[in-house]
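I have a structure here, written as structure tokens, and I will follow up with some questions on it.
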Amino acid sequence: MYYPRLRDLREDRDLVQKEVAAYLGIDQRVYSNYETGKREIPTRYVVKLAKFYNTTTDYILGLKDKV
């Protein structure tokens, strides 16, 4: 699955992948694969990112359009 909102949320906050990856405790290349859909993002990271961006997991997953 492709998660375009991951990139949108990150760019809206003027962050680079390396910063978000550091927050998650993973390598930047792994995080890049989540944004591009090359790897499925684990649920624990979706939850952590929802808290980080102050949004919902449903928004990140594309199930809802409102932040």
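The values are calculated or read from the model by the stated rules, or taken from the named source; none is laboratory data. Model, not experiment: these values are computed from the prediction. Quick reminder, even Gly has a Cβ in these numbers, built from the backbone with ideal geometry, and neighbours come from all protein chains shown. Quick note on the areas: whole protein, heavy atoms, side chains included, nothing else; ligands and nucleic acids left out. Shrake-Rupley method; radii C 1.70, N 1.55, O 1.52, S 1.80 Å.
How much accessible area per residue does the chain have, in Å², with a 1.4 Å probe?
Details: 4370 Å² over 67 residues.
Computed with neighbouring chains in place, this is 65 Å² per residue.
With point charges of +1 on the Cβ of Lys and Arg and -1 on the Cβ of Asp and Glu, referenced to the Cα centre of the range 1-52, which listed residue (Q17, A50, L6) lies farthest in the positive direction of the dipole?
A50
Distances longer than 14 Å among the Cα atoms of the chain: what percent of all pairs is that? It would help to have the intermediate numbers written out before the result.
Details: 1168 of 2211 pairs.
The share of Cα pairs beyond 14 Å in the chain comes to 53 percent.
Also, I was wondering about something else. I need to check one value: relative contact order of the chain, counting alpha carbon pairs closer than 8 Å and at least 6 residues apart, in percent.
It comes to 35 percent, rounded to a whole number.
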